[in-house]
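Visitor: Please find one structure pasted underneath; my questions will follow.
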Amino acid sequence: MSSLQNQIVQSIEGLSDDSLEFILDMIERFVKPAESQLMDAPVQSPKRKLGILKGKKLIADGYDLDECNNEIAEMFGVDK
């Protein structure tokens, strides 16, 4: 067992059964599905609007969303 695993075991020792059930539920709901998605080959679905925004216009006419890309890339040190 790794030292991190030992730390986790030590941190949950003494917790009530309700607390342990809650932690286990969170791990099963969020951690394990996220890890299994990382293991799977990334599949990109076609881009779609969120349901609540479907049909809404979010950018003004004539506004170039990509206008600042070069400046942003420079700020983060990304080579183009």
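The values are calculated or read from the model by the stated rules, or taken from the named source; none is laboratory data. Just so it is clear, the structure is predicted and the values come from calculations on it, not from any experiment. Because the Cβ atoms are built from the backbone with ideal geometry, glycine has one as well, and the counts that use them run over all protein chains shown.
For (1) modelled with pLDDT under 85; (2) surrounded by fewer than 10 Cβ atoms within 10 Å (Cβ to Cβ), each residue gets a yes or a no:
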residue: Phe22; (1), (2): no, no
residue: Ser36; (1), (2): yes, yes
residue: Ala41; (1), (2): yes, yes
residue: Gly51; (1), (2): yes, yes
residue: Leu58; (1), (2): yes, yes
residue: Gly62; (1), (2): no, yes
residue: Asp79; (1), (2): yes, yes
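Visitor: Checking the structure you have, find out if any residue of segment 6-20 is in a loop (DSSP other than H, G, I, E, B), at pLDDT below 85, more than 18 Å from the chain's Cα centre (by Cα) and surrounded by fewer than 10 Cβ atoms within 10 Å (Cβ to Cβ).
Guide: no
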